[in-house]
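The values are calculated or read from the model by the stated rules, or taken from the named source; none is laboratory data. These numbers come from a predicted model, not from an experiment. Note that we place each Cβ from the backbone using ideal geometry, even for glycine, and neighbour counts take in every protein chain shown.
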Amino acid sequence: MDEPGLIRDAQRGDLDAFNSLVLAYQDVLYNTALRILNDDALAADATQDAFISAFRSLNSFRGGSFKAWLMRTVTNACYDELRRQKRRPTIPLEPTNDDDEEIDSPRWLADSSMSPAEKFEADELEHAIQHCLQALPVDFRTVVVMADVQGLDYSEVATATHIPLGTIKSRLARARLRLRECLQGFGELLPAAFRLEGESLP
């Protein structure tokens with residue numbers, strides 16, 4: 001993918017070029033929103049809002065990491081939704097389907113190659129991780145999702161959040177400590193080699 005070329009074309013109003021960028025990044029933005037919001041429908045809405053916002057402000061992009069720039073738009077969309085939820089708090093701990101019935105795990109985690117036992121263990125581990133992520137303050141949760149789930153480096157996280165690099169490192173260290181403490185309560189689910197420091201979450 002010629003990302004710089006697609007960005008230039010999209011900035012000139014080429015919708016096909018922008019759609020190519022959407023296809024390239026929609027899963028990353030959706031998964032980020034899902035980790036922050038813990039709700040399929042809200043994550044989809046936040047992702048859509050993020051791309052709409054990105055299209056409207058595309059001419060403000062001046063280079064650097066386009067992924068980090070997009071991450072900022074989806075993070076802002078998530079923060080907007082969380083502010084709305086504070087006014088009407090109804091976020092469930094577990095994701096639900098369209099009939100408001102609890103589902104085992106988000107659809108994007110499905111792996112048809114897993115055995116039933118492996119899928120059960122993966123679901124339980126996913127629930128434990130998501131439970132501990134949701135227990136974090138949203139500012140901590142956001143930087144962990146960007147760095148340890150989506151794999152952005154510290155400078156990209158700083159760019160995406162407009163937060164100084166030193167603050168990012170501090171928040172990550174504190175967030176990882178809290179996650180590690182929380183996940184100790186689910187020790188039987190965790191692989192022996194599972195370490196948060198320097199490694200990405202599943």
Among the candidates Arg72, Arg107, single out the residue that is of a type in the set (Lys, Arg) and either modelled with pLDDT of 95 or more or exposed (fewer than 15 other Cβ atoms within 10 Å of the Cβ) (or both).
Arg107
Is it the case that some residue within the stretch 3-12 is over 21 Å from the mean Cα position of the chain (by Cα), basic (Lys, Arg), part of a loop (DSSP other than H, G, I, E, B) and under 23 Å from Tyr154 (Cα atoms)?
no
Output the number of the condition that Pro164 fails; it satisfies all remaining conditions of (1) within 16 Å of the chain's Cα centre (by Cα); (2) farther than 15 Å from Arg35 by Cβ.
(1)
Does the stretch 28-43 contain any residue that is closer than 30 Å to His127 by Cβ, surrounded by fewer than 18 Cβ atoms within 10 Å (Cβ to Cβ), at pLDDT below 95 and among the small types (Gly, Ala, Ser)?
yes
